[in-house]
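Each reported figure results from applying straightforward, stated rules to the coordinates on display, with no laboratory input. Owing to the predicted nature of the structure, the values given are computational and were not obtained by experimental measurement. Here the Cβ positions follow ideal geometry from the backbone for every residue, glycine too, while neighbour counts run over all protein chains shown.
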Amino acid sequence: MEQVEKLGRLKYAYILYLCWRCCEMVHKLRVLSRKALCGVVTLILLCAPVPAVCARSTMVVLTTGSARAVVDGRTITMLVPPMIDQVSQQTLVPIEFVARQFGFGVSPVPQSAAVTLSSADHMICVTPGSLEALVDGHAVGLSVTPRGLLGEVLVAAADVQLLLSVQYSRGLVDGQSVFTWVTPDPVVVGPVDVNAVTFETRREQVFMQTVDFNIIRIDMSGKGIHVLSCQSTGGLGTARFPSTYVSSLKPLVLMNATPFNMTSYIMSGSVQDQGTPVYYSGTYVSTIGIDADNTPFYVEGTAHVVVRLTTGKELSVARINQSPAAPSSLSLSLYSNYYTGGFSVGATEALVVLQQGKVVRLICGKYFTPRTLAAGQIALYARNPATAAALRMSPGADLRSYVGTRDCTGSTFVQCGPVVVLGGKPYVDYRKYKDISRTAKLGSRAFIGMDDQKHLYFIVTPAKVRLQFGDVSLALSRLGLFTNVVTLDGGSSTTLYYKGQYIIKGTRALTNVLCVPSM
């Protein structure tokens, strides 16, 4: 009992000592400089616990000689089981199967045994028999030569870590290979201002008809607001139905864009997305675009691209995501991963891959597939020997895009049909458009408009009212909302989606759309 009392007195004394030390520290803090005090506060903040970032993980377990894989606890059967390479004694695993489990798309390279693995952020090309793989356009050395077997490509388990950026380890059981991909939950910098996108219906009387115009107004100065041109995920020559775009893009608002050939699904107009030329038809352009500062603009002229090499030479671009220019042409052909074909680059020709203006790859005498390009990369192809020599000599290049004389580098624009409102007044000029017979048909149509207060407009006329362009032009100008309005696609393609519902839902698959992402 006495010992307990002594222990209690000791604890009480210790508490008093701590209180005295605290008082002494408080007194000293009073005479500390402001700078020192800030240092103390900073130290406290740095030492404070930080909430852990939530993450999602996927685990794939393969066993040598077994066709059964375990993916997040589920058993899945593979076509080709992992095996041991007799030369290196390393484990070979089917890279296509592993890539699919981590969300990669897998596609064979035409006229080749190679395979392309693609995700939203990466593009990988692996070729059986080659000790080099392409990762986002860069050549990467492998430890074991990939092998083709029954349509699958086998690579060393250790190389999977290099190609797919996943963690690789040996399992607890002998012969097991474990691949893990930890995906942190996305960090939301700030929400999109949904109130910057509004919908209204305006009614106008036109030649004894009552016309309801469905109008989306987009305040381009709103927080997080961006208008994007989105092409079919299948690439050039493919189309997707509106619901597919909505499911993948999850937009605040979405509308159909350019018309296209319904057999080949090739666009009829000119499209550029955030500075990357997607497709130029080579015809006259009257378009509403969005510049790099997110400000709408109107411009007329012919869309064209000029390449300025670092060496000082300037070259024109004749083709954009189309079949290559003729060997006699002094111009370049430009490609992005939107182009679905492939071609052989001759020994006297040159193809360079650009990333942020720098040449990261030079190809001569090999087959090239633009779909292997990573996001943000473009390829320039020269067939003429003199042009090819100039391209080889340059360590970089600057792309400048123009509509007429206006520099539209960094801009987004979509063009296909006539102007119907110009400077706030009715305007239709059929003479400048070779495809006017298509865009001038009666029926539901879509338009893109702008005003001088940084607003962009998506406009749709209903299918039940049959208006010609002259009627639409007059009615839109009477509304008094727009300085300029340009025609987009129409008919069965006409689609307008707004915050979870379709105002009008088209019945035709589309090659590209305009949308405002919701995040």
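With the condition being within 15 Å of Tyr280 (Cα to Cα) and free of Cβ contacts under 8 Å to residues at least 60 places away in the same chain, I'd like the strands (runs of 3 or more DSSP E) fully within segment 302-357 carrying at least 2 qualifying residues.
314-320, 332-335
Select from segment 295-347 the residues that are within 30 Å of Gly224 (Cβ to Cβ) and not aliphatic (A, V, I, L, M) and write down the one among them that is surrounded by the fewest Cβ atoms within 10 Å (Cβ to Cβ).
Here the answer is Thr295.
Does segment 208-227 hold any residues that are out of contact with any helix residue (DSSP H, G or I) (no Cβ under 6 Å at 6 or more places or on another chain) and either surrounded by fewer than 16 Cβ atoms within 10 Å (Cβ to Cβ) or part of a loop (DSSP other than H, G, I, E, B) (or both), and which are they?
Across segment 208-227, the qualifying residues are Met208, Gln209, Thr210, Asp212, Met220, Ser221, Lys223, Gly224, His226, Val227.
In segment 358-368, which residues are free of Cβ contacts under 8 Å to residues at least 60 places away in the same chain, in contact with a Gly (Cβ under 9 Å, 6 or more places away or on another chain) and not small (Gly, Ala, Ser)?
Listed by number, the residues that qualify are Lys358, Val359, Cys364, Phe368.
So which residues in segment 92-113 are outside any strand (DSSP E or B) and free of Cβ contacts under 8 Å to residues at least 12 places away in the same chain, if there are any at all?
Correct list: Arg100 only.
Going through segment 106-129 one residue at a time, which ones are within 15 Å of the chain's Cα centre (by Cα), surrounded by fewer than 15 Cβ atoms within 10 Å (Cβ to Cβ) and not acidic (Asp, Glu)?
Residue satisfying the conditions is Ala120 alone.
For segment 130-183, what are the residues that are in a strand (DSSP E or B), within 29 Å of the chain's Cα centre (by Cα) and touching a residue at least 60 places away in the same chain (Cβ under 8 Å)?
Leu134, His138, Ala139, Glu152, Val155, Phe179, Thr180, Trp181, Val182, Thr183
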